[in-house]
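The values are calculated or read from the model by the stated rules, or taken from the named source; none is laboratory data. These numbers were taken from a predicted model, which means no experiment stands behind them. Backbone-built Cβ (ideal geometry, glycine too); neighbour counts: all protein chains shown. The accessibility values were calculated without ligands, DNA or RNA, using every heavy atom of the protein model including side chains. Shrake-Rupley method; radii C 1.70, N 1.55, O 1.52, S 1.80 Å.
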Amino acid sequence: MTLSLLGRVSADIQRVFASRFGEDAAAHVVRSVQPHFGHFQANGCLALAKPQKRAPRVLAEEVVTGIRAEGFGWIERAEVAGPGFVNVWVKPESFFELALSERSWKPAACGASVRPQGLRVLIDYSAPNIAKRMHVGHLRTTVIGESLKRLLRYVDCEVVADNHLGDWGTNFGLLLAQAEDEGLAASELATQTLEALEGLYQRARLRAKDDERFAAKARAHLADLHAGETGALEIWTALCAATRKEVDAVYARLGVAFDMWRGESYYRDRLAGVVEGLLSAGLAREDDGAVVVFFEENLARLGGMAAPKAPFIVRKRDGAFLYSTSDIATLISRNEELSADEILYVVDARQSLHFQQLFALGKMLGLGARCTHVSFGSVLGTDGSPLKSRAGNLMPLLALLDAATEKARERMAEQGIDLESDVSADTARAVGVGAVIYADLRQHRGSDYRFDLDKLISFQGNSGPYLLYAYARIASMLRQVDSATHVEASLDSLDVHSAVAEEVALAVALSAFPDAVAHAANALEPHLLADHLYSVAREFSAFYAACSVLGSEGAVRARRLALCHATAQQLATGLELLGLEVVERM
């Protein structure tokens with residue numbers, strides 16, 4: 001196994017720290033954010049000053065002496081800076097060695113991943129509701145979840161993607177009652193658009209407010225559905241089929257795929273047993289007719305985990321089960337039947353209390369899977385309010401993607417991109433949808449962000465179109481040369497010692513790929529990979545402006561073609577990990 005460059009430098013400098021200051025001394029090596037501070041920086045001397053009873057600059061001088069004495073093969077020079085930082089410069093050939101070898105890019109191949117290979121991870125994301133269109137509120141869970149699936153698989157985790165549909169709730173009683181009153185058979189409902197089904201539900205909801213007879217009828221229909229009555233199940237199945245047809249179209253546009261679709265209905269026959277199990281285990285008790293989990297009464301079973309202050313209701317006083325009941329049954333199944341080692345719930349931040357309660361109860365039940373709420377902020381309009389359609393509702397996701405595709409077509413025309421009509425349509429779709437995905441993933445997921453088509457469909461700056469265009473430009477150049485001339489070659493044949501500054505800077509950026517992927521996967525933060533790809537694209541732009549590629553000759557031409565090939569491959573790999581579709585021509 002070849003360590004990533006950060007791993008190699010960290011390991012070597014850590015040995016210097018341990019030999020000089022003891023095994024517990026931490027070097028804290030990071031990549032420098034500014035070139036004049038070197039390629040890497042060791043920051044551990046500041047923390048060691050107090051226990052060592054010496055000034056941090058004195059410690060840093062000792063580290064620099066130790067680095068020079070070791071004569072590490074990668075070292076170019078080391079210096080003390082500021083109050084006690086150690087700035088380190090690395091020989092160019094070390095960057096080229098890793099930048100040009102695709103075999104070294106995978107974190108698992110260079111020890112950059114902290115998640116064990118083969119870890120079985122279940123990701124719960126997207127989760128639309130039956131008989132409702134996917135809207136902008138589903139965007140973040142869908143694209144973040146899909147990216148995490150791809151990232152974790154890339155670092156050799158075993159990933160199961162589960163679309164936990166909202167397909168079993170009180171709204172179905174209203175839909176069944178209204179469908180009966182309007183004479184809609186199951187066969188007709190199966191062909192309805194989701195917009196039409198939303199209208200059906202709204203009519204039912206308004207009637208139930210003022211018409212108690214209709215409300216009672218809806219409750220009776222819901223009871224029939226829960227009891228498995230054939231007619232109710234037939235209509236429910238039709239509603240599910242109509243929903244699946246439209247959401248599949250959205251997923252196809254986004255390039256999203258799931259391994260299973262286990263909605264709430266999958267666990268419906270287990271809910272009563274879940275509640276009885278909690279009662280018999282003493283984890284829940286009746287309170288004013290409801291069944292409730294009081295966490296502070298079970299502190300010993302939490303094993304030191306903080307107890308949520310709010311109680312967790314698992315059955316209402318009228319005997320009805322709740323979302324919490326379904327989620328407990330789901331969590332038990334994912335532990336026991338799917339043998340998940342880790343479960344990620346990609347759900348917005350407003351559900352944080354619910355997941356604190358769910359995870360605490362899982363701990364009390366002795367379930368072994370590590371559970372994480374992968375929370376995220378909201379998508380806002382340009383005015384800072386929730387993004388809505390002209391009708392005042394949350395914007396349907398398909399309409400959003402259509403608008404992005406049309407805007408991409410307009411921007412491509414402005415850029416003078418002239419493509420055949422059949423290719424142009426596919427390219428506009430890839431650029432428009434890719435812009436939406438990238439605009440979301442380049443944000444820290446915990447932040448709200450403003451959705452502005454004019455800004456995100458841009459061929460300038462940190463945007464999806466900019467990165468896609470960078471890839472397409474390199475692909476176009478490489479089509480002009482024999483493919484055999486830009487395969488991986490030996491460093492000696494490429495004469496990396498004569499590389500100019502822009503070539504070295506590009507190699508430095510490319511060499512950071514395995515660490516960027518590992519950090520993004522480990523922290524569950526796709527924006528860390530997006531940041532890396534933007535850095536690579538910027539460095540390539542500077543390299544391309546300063547260095548002739550096709551006009552150069554010999555070893556120089558071979559080296560620059562190798563850099564172009566590596567950049568294209570890395571952009572393609574990274575963008576696909578984020579969920580974007582690269583285009584070969586633009």
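If you go through segment 421-449 and keep only what is of a type in the set (D, E, K, R) and either assigned to a loop (DSSP other than H, G, I, E, B) or at pLDDT below 90 (or both), you end up with Asp422, Asp426, Arg442, Arg445, Asp448.
Condition check: aromatic (Phe, Trp, Tyr) and open to solvent by 50 Å² or more (accessible area, probe 1.4 Å). Does Phe376 satisfy that?
no
Residue count for segment 510-541 satisfying the condition of being free of Cβ contacts under 8 Å to residues at least 60 places away in the same chain, among the small types (Gly, Ala, Ser) and out of contact with any His (no Cβ under 6 Å at 6 or more places or on another chain): 2. If you take the residues of segment 287-303 that are touching a helix residue (DSSP H, G or I) at 6+ places or on another chain (Cβ under 8 Å) and part of a strand (DSSP E or B), which of them is nearest to Phe355 (Cα to Cα)? Only one residue fits best here, namely Val293. Of the residues making up segment 549-586, those that are modelled with pLDDT of 95 or more and either outside any helix (DSSP H, G or I) or in contact with a Cys (Cβ under 7 Å, 6 or more places away or on another chain) (or both) are Gly579, Leu580, Glu581, Val582. Only one entry of Val517, Val504, Val481 meets the criterion of being open to solvent by 10 Å² or more (accessible area, probe 1.4 Å) and assigned to a helix (DSSP H, G or I), and that entry is Val504.
The residue list Arg253, Arg244 contains one member that is open to solvent by 30 Å² or more (accessible area, probe 1.4 Å), under 22 Å from Ser333 (Cβ atoms), under 37 Å from the mean Cα position of the chain (by Cα) and not β-branched (Val, Ile, Thr), which is Arg244. Filtering segment 19-47 to residues that are part of a helix (DSSP H, G or I) and open to solvent by 20 Å² or more (accessible area, probe 1.4 Å) leaves Ser19, Arg20, Phe21, Pro35, His36, Phe37, Leu46, Ala47.
Restricting attention to segment 115-131, does a residue exist that is out of contact with any Leu (no Cβ under 7 Å at 6 or more places or on another chain), of a type in the set (Gly, Ala, Ser), surrounded by fewer than 18 Cβ atoms within 10 Å (Cβ to Cβ) and not in a helix (DSSP H, G or I)? The answer is yes; a qualifying residue exists.
Pairs linking a residue in segment 453-467 that is touching a residue at least 12 places away in the same chain (Cβ under 8 Å) to a residue that is surrounded by 24 or more Cβ atoms within 10 Å (Cβ to Cβ) and assigned to a loop (DSSP other than H, G, I, E, B), with Cβ atoms under 8 Å and 6 or more positions apart or on different chains, are Ser463/Ile457; Gly464/Leu580; Pro465/Ile457; Leu467/Leu580. Listed by position, the helices (runs of 4 or more DSSP H) enclosed by segment 180-236 that each have at least 3 residues that are touching a residue at least 40 places away in the same chain (Cβ under 8 Å) and under 17 Å from Ser265 (Cβ atoms) are 212-227.
Considering segment 448-475, and only residues there that are farther than 12 Å from Ala537 by Cβ and open to solvent by 50 Å² or more (accessible area, probe 1.4 Å), the residue that is farthest from the chain's Cα centre (by Cα) turns out to be Asp454. In segment 525-544 there is no residue matching the filter, namely being hydrophobic (A, V, I, L, M, F, W, C), farther than 24 Å from Asp426 by Cβ and outside any helix (DSSP H, G or I). One residue alone among Arg285, Arg270, Arg350 is open to solvent by 70 Å² or more (accessible area, probe 1.4 Å) and at pLDDT below 95, and that residue is Arg350. Listed by first and then second residue, the pairs linking a residue in segment 414-439 that is farther than 20 Å from Leu577 by Cα to a residue that is modelled with pLDDT under 95 and in a loop (DSSP other than H, G, I, E, B), with Cβ atoms under 7 Å apart and 6 or more places separating them unless they lie on different chains, are Gln415/Phe459; Ile417/Met586; Leu419/Arg585; Val423/Arg585.
Would you check if Asp492 is exposed (fewer than 13 other Cβ atoms within 10 Å of the Cβ) and at pLDDT below 85?
yes
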